[in-house]
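Notes to accompany the following structure.
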Amino acid sequence: MTRSLVPIQLAMLGILTAIALPALAELPLNDLYEPKASVDIIALASYVKHVPTNVVHLGEIPGIKVEGMRGEWVSFQVLLQTNDEVTGVNLLPENLVLDDHEPRVEIPAEALTLYREWFLNVVEPSGDGWAVTNHERKPGLYPDPLIPFKDPFKPGDVPVAAPFGLGGTEPDFAVVWVDIQVPADAVPGNYTGYMKLVSNEVPYLGMVEIKLTVWELDMPKKRNIGTSYGICEGCIRRYHGGRQESTGPEYDEIVRNYYKVLHEHRMDVTTTRGPVQFQFGEDGNLLPVDWTAYDEFMQPRIDGTYFDDSVGIARFDAGMFAPGHGTNGWTDEQYKQAARAYVEHLDDKGWLDMMWTYSTDEPWLNGGEETWNRVIREAGLLHEASPLWDGHVLVTGPMYPGAEEVVDIWCPVNPMYDKWFWFDMDYAGRGDYDEHIANNGELWFYNCNGNFPPYPGYDIDTTIGYEPRILKWGSWYEKATGFLHWSLNIWYYVEPWLQWQSRDVFGAMFARNGDGMLMYPGNDDGIHFDTEGNPLPTGIPAYLKIDGPVMSYRIKQIRDGLEDWELFIMAEKAGLGDWTRSTMRKVYRRFGDFFVEDCTKEHHYCPRKGEPWTLEYYKMQTVRVLIIKKLLFTLYPDRYTDPEAPEIPDTVETPDTDDTGGPVPDAMLDDVIQPESIGDTFADTLAPDVIVDSSPGRDTPADTVTPGDTEHSSGGGCSQGHGSASPLALILSIGLACLAAVRRRRHIE
């Protein structure tokens, strides 16, 4: 009897084995044996900046929840740390699979791009350390350069930043930035995928689980936002070509790689100008213009064939006819003839709506009334030349009396908007530009080394990673259509891998880490030289030799902010503009405050009266998802439900007394994404206060601001520190510093 069962038992064993082996293959290998080394895996939202000097207790958080539209970039981070010495560490992404869908639908692993975050040792904080509570600038290690795991400019899988080591002679932690480009044809829904952590010592150290929601919305390929980021092309050629600026096809392609990567991040450089000459006959009249070379240069950049995605630039500075800079030695009539020929040619080509022209930079600082008079006069000549110039003259400054008729695009630095910063000056602010906008004018913003905390900016040494992103939210809220920053790579001031501010040029007060420097050279040919020709170490990692840029943590935040801006435009076109602004007031109320902390004075920074923009990063994510769900319901009411729900108490900030935007609405957040509905695995994606420390006694460096961190005692704390300084003395010192440090930020090409 027993013998007769053996064949059946063997058959059953075979069936069970066939079932069990695939299941075992899916199990983490460290569930099957004790690993030789241990690495903690902590998933971080893209908003969170890991700053080693900010220590909180975190346990293992090996999962992340992210969301995005089709065609959008979605990002998160992975913090790895160990007490062991581990070599050959790498993260290997796998395909993301659409949940509960037949047939199987996947987003390929190739859609994920990984970078290792490089930490910069900031010794001299921005603004000489001047800051206010919750917005400090301090010395320490800060992440910024993002070095790709694989060389993006060479075919095949050429390793760059990975594999890498942890512990021993290497740091005992690393942060990996992960980009996911959601395919434009992705099926909407919830996807699940994994990244395996491997090393030389252990073939499997763990995994990161990725939950990706793809919304039934499309990120516009054509940019709707004007962006103007200055670039020093000669700096690129010097770093990649050695001592001299290098020319030739090889270096042209390297420069093109910079432009292509910037384009991927939805950023246009300021000036796009092809070669053209205007010549006059003996009678003073303009001779026929040969546009061949100009058009050959411009056409691929406008139709997108210069880039990989065949999407053209959105806006460009003409690079000529710049009011305030003179008439090129021509008579006024000749100047008008050339200006007329230029705009008529652009109009014939269909390029006119994309062009704007950059007047003298910051006339309020660089010459004052005298410069303003030149700008007004020469802008008037352009408008006299042809009505086609209407809408194209930009000035970097707030609205100026007497210039309203000839300036079409006002572009103030965001602290010079309303009375929140220069409280004793009557700058145009919320509502003051409405008539200008109604008459087809535009409002842009820019930021620079005048962005003192609590104004959000581009500082490397802020612990609040999303400052560049919230800056774009505020720009849309204030009805801007474009954004400008003076430079991407002022490498002629400093060695970008060693120093990130130039006190010699700007003075200590106005030297900010990373101002004018948002990317890093991917190669230096091994050596660089000072002004006297002496060789200098560059500080670039020895293994880094790529034919293109190393982008930064801050540029990723800028890109994500520009994508959010596109979302807000989509919502506005769907009739949700007022609703979106009302909802956004959960996280943004104004750009900032005067940077003296004093709760007894109007317009001064006072944290217990309310932050100008949220310090709780996960609420930005919550508001964004709420806007997406409202837009989906508006567009497809038969397929989506209205996300609005009963009001909940406002826990972001208490409305300030000088707020002019009306009461903060109680957006319906509890039906969108709430920390308690996610579980510990994905807790860090939204709420730091629900994280459970699974490894007691270990301090994990990270920057996570909990709601309790932003609360302030009402007794005496608001006038401490810098708040004791005299505002009048401070303003005088700033004025003197401005005059002493004229910013050479124009025409850096």
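The values are calculated or read from the model by the stated rules, or taken from the named source; none is laboratory data. The structure presented is a predicted model; accordingly, all values stated were derived computationally and were not measured. Glycine gets a Cβ as well: all are built from the backbone with ideal geometry, and neighbour counts include every protein chain shown.
From Lys586, Lys601, which residue is basic (Lys, Arg), crowded, with 23+ Cβ neighbours inside 10 Å, over 20 Å from the mean Cα position of the chain (by Cα) and outside any strand (DSSP E or B)?
Numbers: Lys601 fails: crowded, with 23+ Cβ neighbours inside 10 Å.
One residue alone meets the criteria, Lys586.
Cβ-Cβ under 7 Å, sequence separation 6+ or interchain: first residue in the stretch 607-630 and at positive phi, partner charged (D, E, K, R). Which pairs?
Here the result reads Gly610/Glu653; Gly610/Asp656, each pair linking the stretch 607-630 to a residue that is charged (D, E, K, R).
Could you check Lys573 against (1) surrounded by 16 or more Cβ atoms within 10 Å (Cβ to Cβ); (2) within 23 Å of Ala314 (Cα to Cα) and say which number it fails?
All conditions are met except number (1).
Of the conditions (1) out of contact with any His (no Cβ under 9 Å at 6 or more places or on another chain); (2) in a helix (DSSP H, G or I); (3) within 30 Å of Trp497 (Cβ to Cβ), Glu532 fails just one. Which one is it?
(2)
Show the residue pairs that are 6+ apart or on different chains and have beta-carbon atoms under 7 Å apart, the first residue being within the stretch 429-443 and in the same structural domain as Met399 (by TED's automatic domain parsing) and at positive phi, the second being surrounded by 11 or more Cβ atoms within 10 Å (Cβ to Cβ) and not aromatic (Phe, Trp, Tyr).
Asn440/Gly391
What number goes with the only condition from (1) surrounded by fewer than 19 Cβ atoms within 10 Å (Cβ to Cβ); (2) out of contact with any helix residue (DSSP H, G or I) (no Cβ under 7 Å at 6 or more places or on another chain); (3) at negative phi that Val214 does not pass?
(1)
Restricting attention to the stretch 135-164, which residues are at pLDDT below 95 and under 18 Å from Asp179 (Cβ atoms)?
Answer for the stretch 135-164, where residues must be at pLDDT below 95 and under 18 Å from Asp179 (Cβ atoms): just Asp157.
Which of (1) touching a residue at least 60 places away in the same chain (Cβ under 8 Å); (2) touching a Leu at 6+ places or on another chain (Cβ under 8 Å) is the odd one out, the single condition Val343 does not satisfy?
(1)
Among Gly193, Gly189, Gly127, which is the only one that is surrounded by 16 or more Cβ atoms within 10 Å (Cβ to Cβ), at pLDDT 95 or above and farther than 23 Å from Ile558 by Cβ? Reasoning before the result, please.
Working: Gly189 fails: surrounded by 16 or more Cβ atoms within 10 Å (Cβ to Cβ); Gly127 fails: farther than 23 Å from Ile558 by Cβ.
The unique qualifying residue is Gly193.
Give Lys138, Lys221, Lys154 a once-over and let me know the one that is in contact with a Pro (Cβ under 7 Å, 6 or more places away or on another chain), assigned to a loop (DSSP other than H, G, I, E, B) and surrounded by fewer than 18 Cβ atoms within 10 Å (Cβ to Cβ). Outline the logic, then answer.
Details: Lys221 fails: in contact with a Pro (Cβ under 7 Å, 6 or more places away or on another chain); Lys154 fails: in contact with a Pro (Cβ under 7 Å, 6 or more places away or on another chain).
That would be Lys138, the only listed residue that is in contact with a Pro (Cβ under 7 Å, 6 or more places away or on another chain), assigned to a loop (DSSP other than H, G, I, E, B) and surrounded by fewer than 18 Cβ atoms within 10 Å (Cβ to Cβ).
For the stretch 581-616, give me each residue that is among the small types (Gly, Ala, Ser) and either touching a strand residue (DSSP E or B) at 6+ places or on another chain (Cβ under 9 Å) or assigned by TED's automatic domain parsing to the domain that holds Gly465 (or both). Explain how you work it out, then say what you get.
Restricting attention to the stretch 581-616, the residues satisfying the condition of being among the small types (Gly, Ala, Ser) are 582, 592, 610.
Within the stretch 581-616, Gly592 is the sole residue that qualifies.
Going through the stretch 541-556 one residue at a time, which ones are surrounded by fewer than 24 Cβ atoms within 10 Å (Cβ to Cβ) and closer than 25 Å to Glu250 by Cα? Give the derivation first.
First pass over the stretch 541-556, keeping only residues surrounded by fewer than 24 Cβ atoms within 10 Å (Cβ to Cβ): 541-547, 555-556.
Pro541, Ala542, Tyr543, Leu544, Lys545, Ile546, Asp547, listed by residue number.
Say whether the condition of being on the phi > 0 side of the Ramachandran plot and surrounded by fewer than 24 Cβ atoms within 10 Å (Cβ to Cβ) is met by at least one residue in the stretch 490-509. Working first, answer last.
Narrowing the stretch 490-509 to residues on the phi > 0 side of the Ramachandran plot: 507.
With the extra rule that they be surrounded by fewer than 24 Cβ atoms within 10 Å (Cβ to Cβ), the set shrinks to 507.
Yes, the stretch 490-509 contains a residue that is on the phi > 0 side of the Ramachandran plot and surrounded by fewer than 24 Cβ atoms within 10 Å (Cβ to Cβ).
Determine if the stretch 394-410 includes at least one residue that is over 27 Å from Pro612 (Cα atoms) and not in a loop (DSSP other than H, G, I, E, B). Even if it seems obvious, please write down each step before you answer.
As a first pass, look at the stretch 394-410 and keep what is over 27 Å from Pro612 (Cα atoms): 394, 401-408.
Filter once more, so that each one left must be not in a loop (DSSP other than H, G, I, E, B): 394.
Yes; the residues of the stretch 394-410 include at least one that is over 27 Å from Pro612 (Cα atoms) and not in a loop (DSSP other than H, G, I, E, B).
Yes/no matrix, rows are residues, columns are (1) at pLDDT 95 or above; (2) within 17 Å of Glu136 (Cβ to Cβ); (3) not in a helix (DSSP H, G or I):
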site: Tyr427; (1), (2), (3): no, no, yes
site: His436; (1), (2), (3): yes, no, no
site: Trp444; (1), (2), (3): yes, no, yes
site: Ile464; (1), (2), (3): yes, yes, yes
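Here are Ile540, Ile555: which of them is out of contact with any Phe, Trp or Tyr (no Cβ under 6 Å at 6 or more places or on another chain) and either within 30 Å of Glu170 (Cβ to Cβ) or assigned to a helix (DSSP H, G or I) (or both)?
On the way: Ile540 fails: out of contact with any Phe, Trp or Tyr (no Cβ under 6 Å at 6 or more places or on another chain).
After ruling out the rest, the residue left standing is Ile555.
Looking only at residues that are surrounded by 16 or more Cβ atoms within 10 Å (Cβ to Cβ) and at pLDDT 95 or above in the stretch 81-91, which one is farthest from Pro171 (Cα to Cα)?
Leu91
To keep it simple, each residue is scored yes or no on (1) within 19 Å of the chain's Cα centre (by Cα); (2) assigned to a loop (DSSP other than H, G, I, E, B).
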residue: Gly577; (1), (2): no, no
residue: Ser582; (1), (2): no, no
residue: Phe595; (1), (2): no, no
residue: Leu615; (1), (2): yes, yes
residue: Ile628; (1), (2): no, no
residue: Leu631; (1), (2): no, no
residue: Tyr640; (1), (2): no, yes
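For the stretch 384-442, give me each residue that is of a type in the set (Ser, Thr, Tyr) and surrounded by fewer than 21 Cβ atoms within 10 Å (Cβ to Cβ). Reasoning before the result, please.
From the stretch 384-442, those of a type in the set (Ser, Thr, Tyr) are 386, 396, 400, 417, 427, 433; that's our starting set.
The answer is Ser386, Tyr400, Tyr427.
For the stretch 556-580, enumerate the residues that are among the aliphatic types (A, V, I, L, M) and out of contact with any strand residue (DSSP E or B) (no Cβ under 8 Å at 6 or more places or on another chain). Reasoning before the result, please.
Of all residues in the stretch 556-580, those among the aliphatic types (A, V, I, L, M) come to 558, 562, 567, 569-571, 574, 576.
Answer for the stretch 556-580, where residues must be among the aliphatic types (A, V, I, L, M) and out of contact with any strand residue (DSSP E or B) (no Cβ under 8 Å at 6 or more places or on another chain): Ile558, Ile569, Ala571, Ala574, Leu576.
When you look at Ile540, is it at pLDDT 95 or above and under 18 Å from Pro148 (Cα atoms), yes or no? If you could, list the steps in order and put the result at the bottom.
Values: at pLDDT 95 or above: no; under 18 Å from Pro148 (Cα atoms): yes.
It is false that Ile540 is at pLDDT 95 or above and under 18 Å from Pro148 (Cα atoms).
So, in the stretch 217-266, of the ones that are of a type in the set (Val, Ile, Thr) and within 26 Å of Leu394 (Cα to Cα), which residue ends up farthest from the chain's Cα centre (by Cα)? Explain how you work it out, then say what you get.
From the stretch 217-266, those of a type in the set (Val, Ile, Thr) are 225, 227, 231, 236, 247, 254-255, 261; that's our starting set.
With within 26 Å of Leu394 (Cα to Cα) added as a condition, the list becomes 225, 227, 231.
Details: Ile225: 14, Thr227: 12, Ile231: 16 Å.
Result: Ile231.
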